[in-house]
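Trainee: What follows is a single structure, and I will ask about it in a moment.
The values are calculated or read from the model by the stated rules, or taken from the named source; none is laboratory data. For clarity, every value in this text was computed on a predicted model and none was experimentally measured. In this analysis, Cβ positions are derived from the backbone assuming ideal geometry, glycine residues included, and neighbour counts consider all displayed protein chains.
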Amino acid sequence: MINLTLPDGSKRELADGATPFDLASGISKSLAKAAVIAKVDGEDWDLMRPFEGDAEVAIITRKDEEALEVIRHDTAHILAQAVQDLFPGTQVTIGPAIEDGFYYDFARNEPFSTEDFEAIEKRMAEIVDADLPFQREVWDRNEAIAKFKAMGEQYKAELIEDLPEDETITIYRQGEWMDLCRGPHLPSTGKIGKAFKLMKVAGAYWRGDHRNAQLQRIYGTAWLDEKQLKAHLHRIEEAEKRDHRRLGKQMELFHFQEEAQGQVFWHPAGWTLYRTVENYMRRRLEDNGYVEIKTPQLMDRKFWEASGHWDKYRENMFISSIDEEEKVLAVKPMNCPCHVQVFNQGQKSYRDLPLRMAEFGSCHRYEPSGSLHGLMRVRGFVQDDAHIFCTVDQITEEVTAFCELLKSVYEDFGFEEPRIKFSDRPEQRVGSDEVWDKAEAALVAAAEASGLDYEHNPGDGAFYGPKLDFVVRDAIGREWQTGTIQCDFNLPERLDAVYVGEDADKHRPVMLHRAILGSLERFLGVLIENYAGKLPFWLAPRQIVVATITSDADDYAQEVKDKMAAAGLRVDVDLRNEKINYKVREHSVGKIPVIAVVGRKEAEEGAVALRFLGDGNRTQEVLPLDQAIDQLKAESLAPDLKRA
RNA sequence: GCCGGCUUAGCUCAGCUGGUAGAGCACCUGAUUUGUAAUCAGGGGGUCGGGGGUUCGAGUCCCUCAGCCGGCACCA
């Protein structure tokens, strides 16, 4: 007999050889039906896998989050089987569950095309209908390697060869088909259902290394039921509508063209938005004890050799030379070394520290062509960069203040919860362990004080110091790094930055590299997507359109427009001979926050009818002109000015 | 950079197995003076991404270059 303890503490006794499915069936029919896998002493366990002794058991059901992961993983196996059925000679590699679905990487000379999806999905459905049981088998390592080699599955054989010696090799079968897999799986293919869909094909390197062969990855999505699948597909459609590249065109914010790959042509509306954000940021920095500087765009190659960037990033730097001269200049890919030059002018004392030096630094990097992505990843961009020169003892305070500032800025832009990634010392690094200890502790303390969730990436720090990165998501769930703060013990040394301490000796300052928005371009991309183009009043490039109903109100409309413009509002007037319905629709689609409608009535009364964009309850207000202007003026203040 | 796909009017897209370009919106003109998400009529507009090839004939097929899109890799 085996003794099992359930999560609520109750105990059950079952015969030897019993399985979690037996346990669930003994409790209730519905539990047995909803069961997906079990946790046996914390380990994932197939429902049909017999217990191996007394244990603590939890039954995971379709209601649990983990259920989807299991279903997605199962679906990946079914995809692999279907592909091998239909395309003999294709090798399988790996196929994990991911967010919203799964993928499977195949090795095949012929490319897959989305036109193959229909046939593959059909075959997958047949495998589900066949209700093949998933059977777990433990294999001897060498036998498994030999078996997969004999099957022509080189990649699987390699995977097994690289598994740790003490790892149990498990094989899962479904019908004739088998795969190396850790599990767990559902009892049979029929339990998966058909709420899956193949989404896209893509290339992916074997083991994520570009020196390896490129495999073909098929992505799919899988859900508990048809309704969830439909909802997911709908979400994707909606998300595509808020893509900043699409909105950028619709709202006439910016464009790209091939002669300036990866660089932005900002249009009047987009540039207005850009400047609004930049000016806001400038005020916030000034209020927080930063000084602003501006440094050159082109610097001699020798300078970048001294900073160490030439060696490491030469491939990604734009360079320039003039015929008559032998000098090679490089367009700056970053601002830090330039800031050290400003620091190094004259003498610095400990009394000058911390010195917070900011620049809206225009940088250029020759990013790989495949990585370019709208405003999110460009070759020419402006960082809201700053470097804080301070002592080791000042790190904690400075990082904490930075996190607070960042959080406040993000709230002002409508991002409530940026995610933080903390990366600590890598194997290869400079600086003593003692200093690293201090710096890491300072970053962690600041991250914790901020109250935001943070994720720990061990060993992911820069060679010169640990860092905190701030990450937000775009419309379709892709994550983009925006803010960052990095401790640097290296550059001050390389570029010989010193200050005179209390003891009258020379000391090295620590440099904190930090950016709140990251790059203006990327941040604007994320901002546009976050609001789906419906920017809040203070950010909207076109805030108000004064729209007439009949030409009788033309003169008055012009007067309204002029008064609003004089009050600093961004306002246009629409006197076209069109129906008010037409104008309202056009400017609503154009995401103008406020339409000021004027007809004969308003002209006579000196009023305006304000119509606000959005589906809230506040859709229309008729106000005397002066009062309307006061109100709009107050609303158009940036959040920091509203607080002041 | 790598794998795959795409590139037709200002925008969004249609053009079957090759026979010499089409829609909606936008734009222009005219009529209409209208009260909160599309008034009607007429008109103009494309060397079908660039280059080369096959063919009697190429937007359609082939080669090549570029850009874009989806992933991967990269991201100081």
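Conditions (1) within 16 Å of RNA strand B (Cβ to nearest atom); (2) not hydroxyl-bearing (Ser, Thr, Tyr), marked per residue:
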position: A:GLN347; (1), (2): no, yes
position: A:PRO354; (1), (2): no, yes
position: A:GLU359; (1), (2): yes, yes
position: A:PRO368; (1), (2): yes, yes
position: A:SER371; (1), (2): yes, no
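Trainee: Quick one: count up the residues across the stretch A:575-605 that are in contact (Cβ under 8 Å) with a residue 40 or more places away in the chain and either in a loop (DSSP other than H, G, I, E, B) or within 10 Å of RNA strand B (Cβ to nearest atom) (or both).
Mentor: Residues in the stretch A:575-605 being in contact (Cβ under 8 Å) with a residue 40 or more places away in the chain and either in a loop (DSSP other than H, G, I, E, B) or within 10 Å of RNA strand B (Cβ to nearest atom) (or both): 13 in total.
Trainee: A:LYS312 is checked against (1) exposed (fewer than 13 other Cβ atoms within 10 Å of the Cβ); (2) near RNA strand B (Cβ under 10 Å from one of its atoms); (3) under 30 Å from A:PRO536 (Cα atoms) and fails just one. What number does that condition carry?
Mentor: Checking A:LYS312 against (1) exposed (fewer than 13 other Cβ atoms within 10 Å of the Cβ); (2) near RNA strand B (Cβ under 10 Å from one of its atoms); (3) under 30 Å from A:PRO536 (Cα atoms), the one that fails is (3).
Trainee: If you don't mind, another one. Kindly evaluate A:LEU253 against the criterion of being of a type in the set (A, V, I, L, M), crowded, with 17+ Cβ neighbours inside 10 Å, under 30 Å from A:SER588 (Cβ atoms) and within 25 Å of the chain's Cα centre (by Cα).
Mentor: Working: of a type in the set (A, V, I, L, M): yes; crowded, with 17+ Cβ neighbours inside 10 Å: yes; under 30 Å from A:SER588 (Cβ atoms): yes; within 25 Å of the chain's Cα centre (by Cα): yes.
Spelling it out, A:LEU253 is indeed of a type in the set (A, V, I, L, M), crowded, with 17+ Cβ neighbours inside 10 Å, under 30 Å from A:SER588 (Cβ atoms) and within 25 Å of the chain's Cα centre (by Cα).
Trainee: Further question on the same structure: For the stretch A:223-272, name all the residues that are within 10 Å of RNA strand B (Cβ to nearest atom), farther than 16 Å from A:LEU527 by Cα and not hydrophobic (A, V, I, L, M, F, W, C).
Mentor: Of everything in the stretch A:223-272, those that are within 10 Å of RNA strand B (Cβ to nearest atom), farther than 16 Å from A:LEU527 by Cα and not hydrophobic (A, V, I, L, M, F, W, C) turn out to be A:HIS255, A:GLN257, A:GLU258, A:GLU259, A:GLN261, A:GLY262, A:GLN263.
Trainee: Just to be sure before I move on: is A:SER636 within 8 Å of RNA strand B (Cβ to nearest atom) and within 37 Å of the chain's Cα centre (by Cα) in the structure I sent?
Mentor: The answer is no for A:SER636.
Trainee: Output the number of residues of the stretch A:545-574 satisfying the condition of being away from RNA strand B (no atom under 13 Å from the Cβ) and surrounded by 14 or more Cβ atoms within 10 Å (Cβ to Cβ).
Mentor: Total meeting the criteria: 12.
Trainee: Please work out which residue is farthest from the chain's Cα centre (by Cα), limiting yourself to the stretch A:273-309 and to residues that are away from RNA strand B (no atom under 15 Å from the Cβ) and among the basic types (Lys, Arg).
Mentor: Restricting to residues being away from RNA strand B (no atom under 15 Å from the Cβ) and among the basic types (Lys, Arg), the top hit is A:LYS302.
Trainee: On to the next question. Determine, yes or no, whether A:ALA125 is closer than 21 Å to A:GLU69 by Cα, of a type in the set (Gly, Ala, Ser) and not in a strand (DSSP E or B). If you could, list the steps in order and put the result at the bottom.
Mentor: Working: closer than 21 Å to A:GLU69 by Cα: yes; of a type in the set (Gly, Ala, Ser): yes; not in a strand (DSSP E or B): yes.
The answer is yes for A:ALA125.
Trainee: Another one. So which residues in the stretch A:555-591 are over 17 Å from A:GLN631 (Cα atoms) and either in contact with a strand residue (DSSP E or B) (Cβ under 7 Å, 6 or more places away or on another chain) or aromatic (Phe, Trp, Tyr) (or both)?
Mentor: Of the residues in the stretch A:555-591, the ones over 17 Å from A:GLN631 (Cα atoms) are A:555-559, A:572-591.
Once the filter is applied, which keeps residues that are over 17 Å from A:GLN631 (Cα atoms) and either in contact with a strand residue (DSSP E or B) (Cβ under 7 Å, 6 or more places away or on another chain) or aromatic (Phe, Trp, Tyr) (or both), the stretch A:555-591 yields A:TYR556, A:ALA557, A:GLN558, A:ASP572, A:VAL573, A:ASP574, A:LEU575, A:ILE580, A:TYR582, A:LYS583, A:VAL584, A:HIS587.
Trainee: Go through (1) among the polar types (S, T, N, Q); (2) within 16 Å of A:ARG182 (Cβ to Cβ); (3) surrounded by fewer than 21 Cβ atoms within 10 Å (Cβ to Cβ) one by one and return the number of the condition A:GLN154 breaks.
Mentor: The number of the failed condition is (2).
Trainee: Return the residues of the stretch A:424-433 that are at pLDDT 90 or above and either part of a helix (DSSP H, G or I) or among the aliphatic types (A, V, I, L, M) (or both); say none if nothing qualifies.
Mentor: A:ASP433
Trainee: Let me ask another. How about the stretch A:111-129: which of its residues are within 15 Å of RNA strand B (Cβ to nearest atom) and surrounded by 14 or more Cβ atoms within 10 Å (Cβ to Cβ)?
Mentor: A:PHE112, A:ASP116, A:PHE117, A:ILE120
Trainee: Here's a follow-up. Within the bounds of the stretch A:403-423, is there any residue that is part of a helix (DSSP H, G or I), of a type in the set (A, V, I, L, M, F, W, C) and more than 24 Å from A:ASP474 (Cβ to Cβ)?
Mentor: Within the stretch A:403-423, not a single residue is part of a helix (DSSP H, G or I), of a type in the set (A, V, I, L, M, F, W, C) and more than 24 Å from A:ASP474 (Cβ to Cβ).
Trainee: Take the conditions of a type in the set (Lys, Arg), surrounded by fewer than 17 Cβ atoms within 10 Å (Cβ to Cβ) and either more than 24 Å from the chain's Cα centre (by Cα) or more than 21 Å from A:ASP488 (Cβ to Cβ) (or both) and apply them to A:LYS241. Does it pass?
Mentor: yes
Trainee: Filter the stretch A:169-217 for residues that are among the small types (Gly, Ala, Ser) and in a strand (DSSP E or B); which is farthest from RNA strand B (Cβ to nearest atom)? Break it down stepwise before answering.
Mentor: Step one: of the stretch A:169-217, the residues among the small types (Gly, Ala, Ser) are A:175, A:183, A:188, A:190, A:193, A:195, A:202-204, A:208, A:213.
Applying the additional criterion that residues be in a strand (DSSP E or B) yields A:188, A:202-204.
Values: A:SER188: 30, A:ALA202: 3, A:GLY203: 3, A:ALA204: 4 Å.
That would be A:SER188.
Trainee: Confirm whether A:ILE516 is surrounded by 22 or more Cβ atoms within 10 Å (Cβ to Cβ), over 19 Å from A:ASP460 (Cβ atoms) and in contact (Cβ under 8 Å) with a residue 60 or more places away in the chain. Give the steps one after another, and end with the answer.
Mentor: Details: surrounded by 22 or more Cβ atoms within 10 Å (Cβ to Cβ): yes; over 19 Å from A:ASP460 (Cβ atoms): yes; in contact (Cβ under 8 Å) with a residue 60 or more places away in the chain: yes.
Yes, satisfied.
Condition check ((1) in contact (Cβ under 8 Å) with a residue 12 or more places away in the chain; (2) surrounded by 15 or more Cβ atoms within 10 Å (Cβ to Cβ)) across all residues:
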{"position": "A:ALA445", "(1), (2)": "yes, yes"}
{"position": "A:ASP453", "(1), (2)": "yes, no"}
{"position": "A:ALA462", "(1), (2)": "yes, yes"}
{"position": "A:PRO466", "(1), (2)": "yes, yes"}
{"position": "A:PRO492", "(1), (2)": "yes, yes"}
{"position": "A:ASP496", "(1), (2)": "yes, no"}
{"position": "A:VAL500", "(1), (2)": "yes, yes"}
{"position": "A:ALA504", "(1), (2)": "no, no"}
{"position": "A:VAL510", "(1), (2)": "yes, yes"}
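Trainee: Go through the stretch A:578-636 residue by residue and tally those that are closer than 17 Å to A:THR550 by Cβ and hydrophobic (A, V, I, L, M, F, W, C).
Mentor: The qualifying residues number 10.
Trainee: Name the strands (runs of 3 or more DSSP E) wholly within the stretch A:466-543 that hold at least 1 residues that are within 14 Å of RNA strand B (Cβ to nearest atom) and of a type in the set (Phe, Trp, Tyr)?
Mentor: Numbers: elements: A:467-473, A:479-488, A:510-519.
In the stretch A:466-543, A:467-473, A:479-488 are the strands (runs of 3 or more DSSP E) which contain 1 or more residues that are within 14 Å of RNA strand B (Cβ to nearest atom) and of a type in the set (Phe, Trp, Tyr).
Trainee: Mind counting the residues in the stretch A:134-154 that are in contact with a helix residue (DSSP H, G or I) (Cβ under 9 Å, 6 or more places away or on another chain), more than 16 Å from A:VAL92 (Cβ to Cβ) and among the basic types (Lys, Arg)?
Mentor: Summing the residues that are in contact with a helix residue (DSSP H, G or I) (Cβ under 9 Å, 6 or more places away or on another chain), more than 16 Å from A:VAL92 (Cβ to Cβ) and among the basic types (Lys, Arg) in the stretch A:134-154 gives 1.
Trainee: Right, another one. Within the set of pairs 6+ apart or on separate chains, which have a first residue in the stretch A:211-229 that is farther than 18 Å from A:GLN84 by Cβ, a second that is of a type in the set (S, T, N, Q), and C-beta atoms under 6 Å apart?
Mentor: What qualifies is A:ALA222/A:THR75.
Trainee: Could you grab me the full set of residues in the stretch A:614-642 that are at pLDDT 95 or above and not hydrophobic (A, V, I, L, M, F, W, C)?
Mentor: Scanning the stretch A:614-642 gives A:PRO624, A:ASP626, A:GLN627, A:ASP630, A:GLN631, A:LYS633, A:GLU635, A:SER636, A:PRO639, A:ASP640, A:LYS642.
Trainee: If you check every pair at least six apart or on different chains, which have Cβ atoms under 8 Å apart with a residue in the stretch A:423-441 that is touching a residue at least 24 places away in the same chain (Cβ under 8 Å) first and a residue that is assigned to a helix (DSSP H, G or I) and polar (S, T, N, Q) second?
Mentor: Note: pairs meeting the criteria are A:ALA441/A:THR396.
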